1. Against the condition in contact with a strand residue (DSSP E or B) (Cβ under 7 Å, 6 or more places away or on another chain) and in a helix (DSSP H, G or I), how does Val350 come out, does it pass?
2. Kindly indicate whether Lys174 is assigned to a loop (DSSP other than H, G, I, E, B), surrounded by 15 or more Cβ atoms within 10 Å (Cβ to Cβ) and among the basic types (Lys, Arg).
3. Among what's in the range 282-322 and is over 15 Å from Asp240 (Cα atoms) and of a type in the set (Gly, Ala, Ser), pick the residue that is surrounded by the fewest Cβ atoms within 10 Å (Cβ to Cβ).
4. Given the condition of a type in the set (S, T, N, Q) and surrounded by 15 or more Cβ atoms within 10 Å (Cβ to Cβ), answer yes or no: does some residue in the range 100-118 qualify?
5. Among Glu133, Glu176, which is the only one that is closer than 30 Å to Gln2 by Cα, among the acidic types (Asp, Glu) and modelled with pLDDT of 95 or more?
6. Within the range 69-94, can you find the residues that are hydrophobic (A, V, I, L, M, F, W, C), assigned to a strand (DSSP E or B) and open to solvent by less than 10 Å² (accessible area, probe 1.4 Å)?
7. Residues Lys74, Lys145, Lys174: which one is in contact with a Lys or Arg (Cβ under 8 Å, 6 or more places away or on another chain) and basic (Lys, Arg)?
8. Taking Gln2, is it under 26 Å from Glu344 (Cβ atoms) and out of contact with any strand residue (DSSP E or B) (no Cβ under 9 Å at 6 or more places or on another chain)?
Amino acid sequence: MQFGIFNIPYSRGYAHGSRTVRDVIEWDLQITKWADAYGLDEAYFAEHFTLGGEPSPSPEAMIAAASQVTQKIKLGAAAHLLAYHNPIALAHRMMWIDHMTGGRYIAGFAPGAFPSDAQLFNTGKNNPQMMVEALDIIDAVWNRKGPYRIERTYWTVDMPAYCEDIHGPHLTPKQEKIPVIMTGMQPKSPTLSVAGQRGYSPMSQQVHAGVLREHWATFAEAAKSEGYTPCRSEWRICRDVFVADTDAEARVGYLNGSMGDLWGNYNIPTFIKLGIGKYISGDAIAEEDLSAEWMAENFHIVGSPETVAQKIETLYREVGGFGTLISFGHEYVDNPEIYRRNFELLGTKVAPLLAHLDGRECNA
């Protein structure tokens, strides 16, 4: 079992004017340094352009900064929103980041889900088609030598042949194959189907076990249809984790801290408004009855190291196995010590208790 952190970032403080952009950046880097120091395996940075509570217009900039203050942790984007980038330029930035991180880079791709971002870029309802077109171009830039020309609806790449005078085009990735993840939330996620068809790895957002099982089935079916073998060790599942020395301390840290505030006062109402609260509540509770207290007891993984390890193993068995658990980063800037301790306990106490779970069940 591996562990990671996903820096959205959640920053209600910035949205309400009490924190600066620099504050947000420095906190995400601090979280990532703790994750690296305590042996977590992966750290991801999101991309949004119009969301004041989730400010992160450049995951590649955050990855570059994090690469300079960490040693071992892999650094990824979750995700580059392909409709909002020239894929030729993005492909080159990603190769540069792959070298900057020493081969610790994980690429993440998505079409972009927020209507306000699509409005900003005037992409209409074309994001899914633009994503697929961009994927083909990025794959070519990473793997093909010129000359070649690809003409599509939204972009055209005209790769020249190598020229001795300019010693280029020259850039290739550092890794033999840059790993790629794609995220999904709805049960039969089209994005997870694309991931399976292209031999990428799936990442499931925070949804209940029934939806997670549908995620795996959707991904695995698509992978097999293109001759790939779906392996559960490559499956990443997002689920918030809060570890403290005792169950009581963990519950207080969750409910009286950033996690409880965010979920109780923002995420749950937003999810219900968007009609996706059912992906969390399932058949266990009516979505209008969701609360931070219910999440702490029944959905998120909150408790002492022993309790957290037990809850993770239960989730592992419920969904049939997975490789990496990803917890979102939260804004514990007013009480950073309990959050640092959370990472310490996760890496030094919980992880060893789950070393026997490797997710290598390759049967769908």
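The values are calculated or read from the model by the stated rules, or taken from the named source; none is laboratory data. What you see is a predicted model, and the numbers here were worked out from it, not measured in a lab. Cβ coordinates were reconstructed from backbone atoms using ideal geometry, including for glycine residues, and neighbour counts include every protein chain displayed. We work out accessible area using only protein heavy atoms, side chains counted, and drop any ligands, DNA or RNA first. Shrake-Rupley method; radii C 1.70, N 1.55, O 1.52, S 1.80 Å.
1. yes
2. In short, yes.
3. Step by step, filter the range 282-322, then rank; the result is Ala286.
4. Yes, some residue in the range 100-118 is of a type in the set (S, T, N, Q) and surrounded by 15 or more Cβ atoms within 10 Å (Cβ to Cβ).
5. Glu176
6. Hits for the range 69-94 are Leu75, Ala77.
7. Checking each option against the conditions leaves just Lys74.
8. no
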